[in-house]
Structure formats: C-alpha cells, structure tokens
Amino acid sequence: MLLQPKLNLKVSQRQVLTPGLVQMVSVLALNKLELKEMINTEIIENPVLEEIEESGLPLEERAGIEGDRERSAEEVAAEGERAEKDPFDEIDFGSYFQDYLDPGFRTSSNFEEYDKPSIESFLSQPSTLSDHLLWQLGSLNLELDLRAAAELVIGNLNENGYLTATDEELAESLSQLLEPRATPPIPFHTPQSHNSASADELGTAAEAIEDLRSLEIAASEQPDPLLSTIREARTIVSNLDPVGVGARDLRECLSIQIAARRNEAALMLRRRKDFAAPRSESKTEDSEAGLPERRDVFTTAAYIVENCLTLLQKKDMRELTRSCGCSAEEVQAAVEFIRSLEPRPGQRYNHSETRLIEPDVAFVKRDDQYVVLVNEEDMPALRLNHNYRRMLQEKQTEKEVREYVKERYKSAIQLLRNIEQRKNTIVRTCEVIVRRQTDFLERGVDSLKPMMIKEVAEEIGVHPSTVSRAVANKYVHTPQGVYELRFFFSEGVNGPEGGDLPLVLLKRKVKKLIEEEDSRKPLTDDQLAAELQRQGIQVTRRTVAKYREDMQIPSTHQRRVR
C-alpha cells in the first residue's frame, strides 16, 4: 500500500489536571510549617492577598473595621477634606530630634527594632569532622607539602572517618597540586645545516641517551617521595582527635586505636613513676612489673583484631581463647577493651539536622468525648484587598491592568478555597481516626487497632490517594504523646480472640521475646513463630524473619554468645 496523507477524527476522554487542581493536591500534602511558608510566598507574589493584622480583636470590632474599609474612596476623600488640619501636627518631631540631637542616644524600641542583630546571627553551626581535623592540623608545624598531603587525606574521608582514596590517587592529586603551572621556555636554535653533525656530536648524544636510561632505572628502584609523603600524612591524621580516622577498614581503625591507648597507658605509668615519692628498689621493681601486665591486654586485643576479627563478630569465646593461647579471663578483658573502642570514629561529628515538628492537629478530650482541633496558631489570616476590587469596578481602569487584577483575583480565590478544602479533609480524616482508635487514646499503644487508608477513604467518600496526602508528613498531639498520622494506619494479622493485631504490636512482641531470651540459647525464627502462635497470633516463620530484619535484629547465629 502506498502512503497517503489522510484526515481522521478520533473521540477520546482523558483526565487533564487544571492548575487549580494541581495546587489543591500540593496544598493538601503540606504540613503546617510548609503551608505557612507557601502562604507567605503567595502574599509577596500576589498583591490581591493581604494578611489580617487584627486577628486578635473581637469579632464585633473586626466587623466594624471591615465595614470602614468597605467605604468608597470618594467618601474617605470627602471626609478628609472636611476635617480640620492643624499645621503643628504635621511636623515630624521624631526625625527632627534624631537628626539634631546626640546620635549616641536611641530609644529602646528603635534600637531593638532596627539596629539589634537577628537572633539567627548567634546560632552556632555544628562542627564537622573535616573542620575539627583541619583546626588541629593548623596547630602543627608542618612543611608545605606535608600539610597539603594531610589536607588531601582529610578531604577524602567519608562520614565515618574512613579514607576512600588510594595512596596512588592521593599522590597523583598531590603532584598536580605542587607542580608549578609555568609554561616551558621555547628553546632557541641557531640556524645550521642538517648535514653538518660530526661524529663527536653523535657520540655525545648516544652517551646522553644511555645516561638518561640509567637515571630512569635508578629512579624506578627508589621509592616515590610523594607516596612517602602521603603515608606520613596519613599517620599524622590518624593520630588526631578522634583517633583512628584515615583508616581504610575496621581492622586498621581498631589497630590504630589500640596502639594509641597503649602509648597513653605507658605515658601515664611513666608519669606516675616520676611524680611518686622515692621508694625502695623492691617497690620500684613491683611497679615496673605492672607494665607488662597492662600491656598484655593491648597485645591480646591487637592479636584478636589482626587475626580473629571474624570470631569476635561471631562471639565465639571458646575459639578465641584457643586461638590466642591465653586464659579465658585475659581474652574476656581484651574483648571488653575492644568494645570500648570506636568502630566509626567520625560518627560523632556526623550530626543530622534537627527536624522541627509542630503538630497540625490535636485530639483533645472534652466532656468524655474526643474532638479534633486544627492547630492554626501563627498561621496568616488571609483576605482579598478591597482596593483592587474597586479597580475592577471602575471604568477608567486600563484593560491590561483590569486583566492582571482579574487573574490575580482568581488565583487568590483558588488558594483560599484550597486551604479551606485542606482543612476540611484533614478534619474529616482525623475524626475517623478518633472513632476507630479511641482505645489507643485511652490506654496506649497496646490498644492500637489495625486500620487501612482504603477503609478511611471509603468512609469519608474520597479517593485513597487523597487520604494518603492528607496524613503525609503531619503530626498529631494526643494524650499518649505526639505521633505521625501515618502511625495509625497499619495492616493486621490474625490475633487472639478472633481479632486482628496491628503489625506494630507484632514487631513489639517479637522484639520483646528476643530481649528476654537466653543469650547462650537464642530463639530461632521457628521458635518465635511457635511462641506467637501459642499466644493466639497466627504468623509463619517467614513473617517473623521479615519483621526481625526490618528491626535490624541479628540472626540466631549472630546473637548466640558462646
């Protein structure tokens, strides 16, 4: 068949999200703090919106103020012309005195309002691991190349304090950092004939090539000075606080800390001997005999870290004792010492940003019944500016201005409707939560009931995605504490007495059974499932294993202490 152009008509239906619907969906998913930020942004961008400043006044006074603002501009102007003005009242005495009197004196209100720095200027920024190490590095007297190498090492540490780059990569970066960025000079050649080279000159060139080859061979046999500088820089960084940073793996990190503890213990013992009163030779020998006894702990710990780290992770004390060739007490002391070390030395400087949580709603009990209160404290109260409304009614307003104001009015009205729709959806969703979770509000987490988003959506007559957005990133203040709204939605399993048990309570029961088990004979997943089944909870071994892994609880083999 030949390709021919044709015109075809096709009727189809498709869902198109209007800008108003997109804004409604986005506003519904915002929490209180995010909604407040969005409203402030809209007030700046949309001149039709304005914030009501008299929110603290009674309704009667506010209605009177609104009625005064409804008066036309002509009435206000006519009333202003009729009013008698005193020329004395028009003098700005405030600016006069501030301009001509002592500038060192200011009233407390003016100073606090304009000249006082913001409280945000006094907030301290948490120190990072790199900042802490660079601050210590600045107090050391190092050569320029060694300091640059140490800064490279610090710059390639991850959040746990481990070095992620190899020595060769660091040496290459150091060479690029230290080499001069100057262009090589252009050699100057004297004009001469190409066929005028003598035999002596050729022989000299051959000797020069041989000398160059011998120098290259000698240089290849010698260690690279940049690699030596990098290794020295790593040693310096690893002994800074916190000790152990700059290591490549756990074994090296623990070995560095053991060596530092050993040196610290030897130094303290030496200082104790120097400051102690003179004693007899026998007492001195007894004090020196205590040093090897203390060193045995470090030696045993270093041997375990270097050769028996896998056995230590398995907690196989019997095999550890046999491998170390020491008594069980010495091995136990070494294991306890290793537990006091820090496997992630940079973790304490890896501060996560504090997340500010402000409840959007509250469940309050009034007259033996729980009610839903929306937290609207510090929320801007919006209204439409009446001056722009008069601009739409005036005939002398230009067409472009009228269209712009009309568009801004539509956007403002849509925003106000979406905010009210968000409030109604959240309130209706929370009312269902209160009716279904009254036992939780009265007695606590153990009385929590399973509840699905789909069930709540069917009860209030909306789509499940609407309920999901209504509870997203929002918190509620209850008599039992502050909880996320998603906390109340959980699947259920067949529990005792024919009821359903929420998965939250199932995880709590599994965790409690593991905490109360014998560490020498930990419970397997089959035994945990059997114990739960004896309590009337119908679960399988695979379900128990899944939730145990979700809670990051080790397996039976890893929990066993031999």
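The values are calculated or read from the model by the stated rules, or taken from the named source; none is laboratory data. Keep in mind that this is a model prediction, so the values were computed, not measured. Note: ideal-geometry Cβ built from the backbone for every residue, glycine included; neighbour counts use all protein chains shown. Just so you know, the surface numbers come from the protein's heavy atoms only, side chains and all, with ligands and any DNA or RNA stripped out. Shrake-Rupley method; radii C 1.70, N 1.55, O 1.52, S 1.80 Å.
Miscellaneous remarks
- Portion, in percent, of the accessible area of the stretch 422-497 that falls on carbon or sulfur, probe 1.4 Å: 44
- Note that the stretch 529-543 has calculated 3J(HN,Hα) couplings of 5, 5, 5, 5, 5, 5, 7, x, 9, 8, 10, 9, 5, 5, 5 Hz, one per residue in order, obtained from phi through the Karplus relation 6.51 cos²θ - 1.76 cosθ + 1.60 (θ = phi - 60°); glycine and proline are x.
- Computed with a 1.4 Å probe over protein heavy atoms only, the accessible surface of the stretch 344-459 comes to 65 Å² per residue.
- With θ taken as phi - 60° and the Karplus curve 6.51 cos²θ - 1.76 cosθ + 1.60 applied, the whole-hertz 3J(HN,Hα) list for the stretch 431-447 is 5, 5, 4, 5, 5, 8, 10, 5, 5, 5, 5, 8, 10, x, 5, 5, 9 Hz, x standing for glycine and proline.
- Sites residue 520 and residue 373 - FRET efficiency at Förster radius 60 Å, r taken between beta-carbons, to 0.05: 0.70
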